[in-house]
1. For residues in segment 151-179 being among the hydrophobic types (A, V, I, L, M, F, W, C) and within 12 Å of the ligand (Cβ to nearest atom), which is nearest to residue 77 (Cα to Cα)?
2. Residue 154 - would you say it is surrounded by 19 or more Cβ atoms within 10 Å (Cβ to Cβ), of a type outside the set (Lys, Arg) and in contact (Cβ under 8 Å) with a residue 40 or more places away in the chain?
3. If residue 44 passes every condition in (1) over 19 Å from residue 156 (Cβ atoms); (2) surrounded by 14 or more Cβ atoms within 10 Å (Cβ to Cβ) but one, which one does it miss?
4. Do you know which of the residues in segment 193-204 that are in contact (Cβ under 8 Å) with a residue 60 or more places away in the chain and part of a loop (DSSP other than H, G, I, E, B) is farthest from the ligand (Cβ to nearest atom)?
5. For residue 203, work out the one condition from (1) charged (D, E, K, R); (2) farther than 19 Å from residue 121 by Cβ; (3) modelled with pLDDT of 95 or more it doesn't fulfil.
6. Within segment 162-183, which residues are outside any loop (DSSP other than H, G, I, E, B) and among the aromatic types (Phe, Trp, Tyr)?
7. Search segment 136-150 for residues being away from the ligand (no atom under 16 Å from the Cβ) and modelled with pLDDT of 95 or more, and hand back the single one that is farthest from the chain's Cα centre (by Cα).
8. Going residue by residue through segment 123-135, is there one that turns out to be within 16 Å of the ligand (Cβ to nearest atom) and within 15 Å of the chain's Cα centre (by Cα)?
Amino acid sequence: MKTISIGVATSALAITLGHIAFAEEAEEAVDNVTASAAIKRCDTQQPIGRARLTERPSEEGVKVVEVEIGIRNGLTEGKHAVHIHETGMCEPCSAAKGHFDPGPNSNTSPDGNHPFHAGDLVNIDITDMSGDVTDDDGNPLGSGRLQTLTTRVTLSDGPLSLFDADGSAFIIHVDPDSYCPGGEEAGCAGGARAACGIIVKDEA
Ligand SMILES: [Cu+2]
C-alpha cells in the first residue's frame, strides 16, 4: 500500500509541475495589461504619489489585478480609505463621483452600498513621517505604501473594466475606511476626499 501511495503522489506532482511550466511560458508570450495614476492632493493639486495596476493574462472572465500605491510626504499619519471611483476626473475631486460599481445592480453611493462596490479597496497606512513636511495648516505629512489585489475589476475589456466610457479614478480619503459594519452611516467609507488620481491604461 505504501508503494502505491508514493507512486500516486509522484505522478500528481509531475502533472502539477508540468502545468506550472506551461503557465509561465504562457505568461511570457502574452504581455500583462498595465495602467497607472498620478496621485494629487485635492486641495492644492500637488503630486504626492503614484499608483500602478497590473492584470495578469488570463482566459477567465474574472481576473486578478495587482494594485500598488506609493505616497510620499503627502498625507496625514494613519490610515486612509482607498477606492476606485466611477469617473476618471479629479478636478475637483468630487468629479470622480461615487464608487466604481458597474452592472445591473449598480449602487455607487459611497456610504450607502459599502463595502460592496466593485471599486472598494483597503486602507493605505501612512507611517513614515521622517520627511518633516507639513501642509499649509501645519499638519505633518508622511509617506506610505499599499499593495493589494482585487478580482472585482479588470483593466482589459469586459463588464468589470475600469476603462468604460468615462474612465475611473482612485480617491484617497481623509479618514480611514471602517467598511461600514453597521450599514449606512455618514462618513463610514472614509469621509472627505484627500487625494485623487485618474487611472490611465498603458499603451500595449
Ligand atoms: Cu472613496
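The values are calculated or read from the model by the stated rules, or taken from the named source; none is laboratory data. As the structure is a prediction and not an experimental result, all values here were calculated from the model. Here the Cβ positions follow ideal geometry from the backbone for every residue, glycine too, while neighbour counts run over all protein chains shown.
1. First pass over segment 151-179, keeping only residues among the hydrophobic types (A, V, I, L, M, F, W, C): 153, 155, 160, 162-163, 165, 169-172, 174.
Filter once more, keeping what is within 12 Å of the ligand (Cβ to nearest atom): 169-172, 174.
Working: 169: 23, 170: 19, 171: 17, 172: 13, 174: 10 Å.
Selected residue: 174.
2. Working: surrounded by 19 or more Cβ atoms within 10 Å (Cβ to Cβ): yes; of a type outside the set (Lys, Arg): yes; in contact (Cβ under 8 Å) with a residue 40 or more places away in the chain: yes.
Yes; evaluated as a whole, the condition is true for this residue.
3. Every condition holds for residue 44 apart from (2).
4. Going through segment 193-204, the residues in contact (Cβ under 8 Å) with a residue 60 or more places away in the chain turn out to be 193-202, 204.
From what's left, part of a loop (DSSP other than H, G, I, E, B): 199, 202, 204.
Values: 199: 14, 202: 24, 204: 29 Å.
The extreme case among them is 204.
5. (3) is the only condition that residue 203 fails.
6. Looking only at segment 162-183, we keep the residues that are outside any loop (DSSP other than H, G, I, E, B), and these are 169-173.
Residue satisfying the conditions is 170 alone.
7. Residues of segment 136-150 that are away from the ligand (no atom under 16 Å from the Cβ), as a first pass: 136-145, 147, 149.
Among the residues that remain, those that are also modelled with pLDDT of 95 or more are: 140-145, 147, 149.
Values: 140: 25, 141: 22, 142: 20, 143: 17, 144: 15, 145: 12, 147: 8, 149: 7 Å.
Out of the qualifying residues, it is 140.
8. Residues of segment 123-135 within 16 Å of the ligand (Cβ to nearest atom): 123-124.
Right, trim to within 15 Å of the chain's Cα centre (by Cα) and you get 123-124.
Yes.
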